[in-house]
Amino acid sequence: MEGSFQADIDAIQRIDAVSRILNVVCRVTGMGFAAVARVTEQRWICCAVRDEIQFGLKPGGELKVETTICHEIRQSHKAVVIDHVAEDQTFCGHHTPAMYGFQSYISVPIILADGTFFGTLCAIDPRPARLNNPETIETFKLFAELIGSHLDAVDRLAQSEASLLDERQSSELREQFIAVLGHDLRNPLASIAAGARLIGKKTTPEAVTEIADLMQASVNRMSRLIDNILDFARGRLGGGLSLERTTNEPLQPILEQVIAELHSGNSARTIEASFDIRNPVYCDVQRIGQLFSNLLGNAIAHGAPDMPVRVRAATYGSSFELSVANSGEPISPAAMERLFQPFYRGQDRASLQGLGLGLFIASEIAKAHGGTMEVDSNAEETRFTFQMPTALR
């Protein structure tokens, strides 16, 4: 069943008064079947029922909407009351009573606060009944209004809970953002400030060059942090990641450039790279470079320092695959569940540098390209693998 209709059934089932209403309807009218139905242009769905005549419907059961009188009530928003079908000039020849075998019938519309038609409160019986009187009709209308009011209250409660959850999540993100941003930008700024002080002193040209390289590495790291922040902000504001896809720009040079940049700031680490990109890849080359930079930076930060980081990029038929692997402690199952969430770095890695946005942004770039991002982590290695089609599907 479609999710929205199951939600309607669940909403009616959560209203305790409905079962009592259906019980009162049957006792007051003497009729053997009463139900609350969700009625749309295409569907008639039973949401709650009291069945003393073995009509056979249960919550979730359906009738063909065009075979019901409720179909006409949906269009007119007016109640239909029949004491005795055989004696009723309007309905004695109607197909619905003949199809379902009833002689008495009453149905009133359930209207929500915004004027939306939800469905009907209806009752039938194979015997005639005295229904067409002000007391019975007003009772049904009152019950229908009560059900509509409960549905509105349920909807308002659900919206309030969703808003509260969204606000709580946004508040947590803001707190994490401020705390992590303050920590992670302060470190490279401190390195640049220290370098500037050292250059201001009398020192050798070789030392100046070395200090300048370290300062440049800090600038590059700050630039990557800011890029990730901007991309995250665009995503939160609904703009999404922008792509400029082409097949004219080769991928390998940007991947080699990323390796060179990260290795310059981590010269003690070994990066082993293998490229076999034989087919053009329809992608945003700069974005793929950003994805790769985030994966490689993550591997360098978290991998065993005495073991190489292994990179492989290749095309296989109509697919492009990029993988980055490192040795070291495997990722815990708890951390794996939140690995691609923003600002998540894990308790065991809280002291390591990085906003906790790198893997999130990488996964968003993968999705924007119609690709996938997978991770496999065990005692031997942790490997992130990005795959995408080489051409637009």
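Maximal additional length on extending the residue 367-residue 275 stretch stands at 30.9 nm, based on 0.36 nm per residue less the C-alpha distance.
From the largest down, the range 267-307 spans 36, 19, 14 angstrom on the principal axes of its Cα atoms.
Measuring r between the beta carbons of residue 42 and residue 307 and using R0 = 56 Å, the FRET efficiency lands at 0.40.
Report Rg/Rh for the range 285-334, rounded to two decimals, where Rg is the Cα radius of gyration and Rh the Kirkwood radius. In the range 285-334, Rg relative to Rh is 1.04.
Under the simplified labelling scheme, the residue 19-residue 242 pair shows an inter-label distance of 5.8 nm, with each label point 7 Å from Cα along Cα→Cβ. Using a Förster distance of 35 angstrom, determine the FRET efficiency expected from the C-beta separation of residue 132 and residue 64, and round it to 0.05. The pair residue 132/residue 64 has a calculated efficiency of 0.85. Each of residue 199 and residue 340 was given a label point 7 Å from its Cα along the Cα-to-Cβ line. The distance between the two points is 4.1 nm. Distant-in-sequence amide contacts of residue 273, defined by a placed amide H-H separation under 5 Å and a gap of 5 or more residues or a different chain, comprise 311. The modelled label-to-label distance between residue 378 and residue 156, using points 7 Å beyond Cα along the C-beta direction, is 5.7 nm.
In this calculation the C-beta distance from residue 112 to residue 54 is compared with R0 = 30 Å, giving a FRET efficiency of 0.40.
Here, each number is a calculation from the coordinates, and none is a lab measurement. Keep in mind the model is a prediction, meaning the values are calculated, not measured. Here the Cβ is made from the backbone with ideal geometry for all residues, glycine too, and neighbour counts use every protein chain on show.
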